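The values are calculated or read from the model by the stated rules, or taken from the named source; none is laboratory data. This one's a predicted model, so the numbers in the text were calculated from it and none came from an experiment. As a convention, Cβ positions derive from the backbone with ideal geometry for all residues, glycine included, and neighbour counts pool all protein chains shown.
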Amino acid sequence: MSFSDIMAGLLVIFVLAVVALVLELMQKRQDWDEAIQEIAKAEQVRENLLREIERELNDKGIPVSISENDTVLRIPEDVLAFRSGKYQVPQDDRSQQVTLEIGRVLFIAITKDDRRKYLDTVFVEGHTDKVPYRNAAIQENWGLSTFRAISVWRFWNEMLPEGQRLEDIYNHDDKKLFSVSGYAETRPRMDTVEDPDNPESLKKNRRIDIRFTIKRPSLADFERIKAQLN
């Protein structure tokens, strides 16, 4: 075998090695791009979902709003008005009808086009004003805010018709989509911070928010991709 034959063979091996390396790097890059695209898609689905819910409810005369980062549906106090120290959904017809309609619109919007597959958890969040709730049995304002969320959640699942119950919706991982949480007085509305003791400010903070979190690649997925890129 001549020297030129040996060099030609080595060149072929080198070219094949380079091609294999390039393909490996392209696959790693593709994995990273797909992870980013998955997050972007889920964020877009969430934004569209919230905008649709807001539009649908506003068209029905139920004035809700969305947080600036497009993650939270805010139900204002003039839509669902909790009395100070109370956690039950108000018994008047207007409050009952509005709360029920919000639950119905949530169900329809979330289950449309299988959007639930892009969601991780939807939190029904309860809040209180800054007035201390003197009831150690339910852990004061922390318990009061949580019970407000539970009260709304139970109302939906008792009053919504069969086939439209939120408890029957599962997320991308086939786990129950909805959960509840309470924040006491720790997350006041920004428009109440300057005058928190004003009766109107107190009323505004006795509220319910609905927070939507999305499906994201796990930390293990990112660590795996990072290790591949190193």
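Determine which member of the set Glu101, Glu125, Glu140 is surrounded by fewer than 18 Cβ atoms within 10 Å (Cβ to Cβ), out of contact with any Cys (no Cβ under 8 Å at 6 or more places or on another chain) and under 26 Å from Glu52 (Cβ atoms).
Numbers: Glu125 fails: surrounded by fewer than 18 Cβ atoms within 10 Å (Cβ to Cβ); Glu140 fails: under 26 Å from Glu52 (Cβ atoms).
From the options Glu101, Glu125, Glu140, the qualifying one is Glu101.
Would you call Arg83 at pLDDT 95 or above and either touching a Pro at 6+ places or on another chain (Cβ under 9 Å) or of a type outside the set (A, V, I, L, M, F, W, C) (or both)? Break it down into steps so the answer makes sense when it comes.
On the way: at pLDDT 95 or above: no; either touching a Pro at 6+ places or on another chain (Cβ under 9 Å) or of a type outside the set (A, V, I, L, M, F, W, C) (or both): yes.
Against the criterion (at pLDDT 95 or above and either touching a Pro at 6+ places or on another chain (Cβ under 9 Å) or of a type outside the set (A, V, I, L, M, F, W, C) (or both)), Arg83 does not qualify.
Kindly check whether there is at least one residue in region 58-74 that is charged (D, E, K, R), within 30 Å of Ala136 (Cα to Cα) and either exposed (fewer than 11 other Cβ atoms within 10 Å of the Cβ) or modelled with pLDDT under 95 (or both).
No - not one qualifying residue is present in region 58-74.
Kindly indicate whether any position in region 84-102 is farther than 30 Å from Asp195 by Cα and touching a Lys or Arg at 6+ places or on another chain (Cβ under 9 Å).
yes
Scan region 155-171 and tell me whether some residue there is touching a residue at least 40 places away in the same chain (Cβ under 8 Å), touching a His at 6+ places or on another chain (Cβ under 7 Å) and not in a loop (DSSP other than H, G, I, E, B). Spell out how you get there, then give the answer.
In the first step, residues of region 155-171 are kept if they are touching a residue at least 40 places away in the same chain (Cβ under 8 Å); the result is 155-156, 159-160, 164-166, 169-171.
Now drop any that are not touching a His at 6+ places or on another chain (Cβ under 7 Å), which leaves none.
So far as region 155-171 goes, no, none of its residues is touching a residue at least 40 places away in the same chain (Cβ under 8 Å), touching a His at 6+ places or on another chain (Cβ under 7 Å) and not in a loop (DSSP other than H, G, I, E, B).
Just one of the numbered conditions (1) surrounded by 16 or more Cβ atoms within 10 Å (Cβ to Cβ); (2) in contact with a helix residue (DSSP H, G or I) (Cβ under 7 Å, 6 or more places away or on another chain); (3) not in a strand (DSSP E or B) is not true of Asp195; which one?
Answer for Asp195: the failing condition is (1).
All but one of (1) at pLDDT below 85; (2) closer than 30 Å to Thr99 by Cα; (3) of a type outside the set (Asp, Glu) hold for Leu16, so report the exception by its number.
In the conditions (1) at pLDDT below 85; (2) closer than 30 Å to Thr99 by Cα; (3) of a type outside the set (Asp, Glu), Leu16 misses (2) alone.
With respect to the numbered conditions (1) closer than 21 Å to Leu160 by Cα; (2) not basic (Lys, Arg); (3) not in a loop (DSSP other than H, G, I, E, B), which one is the sole condition not fulfilled by Ala81?
Single failed check for Ala81: (3).
Would you please name the residue that is surrounded by the fewest Cβ atoms within 10 Å (Cβ to Cβ), looking only at residues in region 200-229 that are of a type outside the set (D, E, K, R) and at pLDDT 90 or above? First the steps, then the outcome.
First, pick out the residues of region 200-229 that are of a type outside the set (D, E, K, R): 201-202, 205, 208, 210, 212-214, 217-220, 222, 225, 227-229.
Checking the rest, the ones that are also at pLDDT 90 or above come to 201-202, 205, 208, 210, 212-214.
On the way: Ser201: 18, Leu202: 19, Asn205: 22, Ile208: 26, Ile210: 22, Phe212: 24, Thr213: 15, Ile214: 21.
This residue is Thr213.
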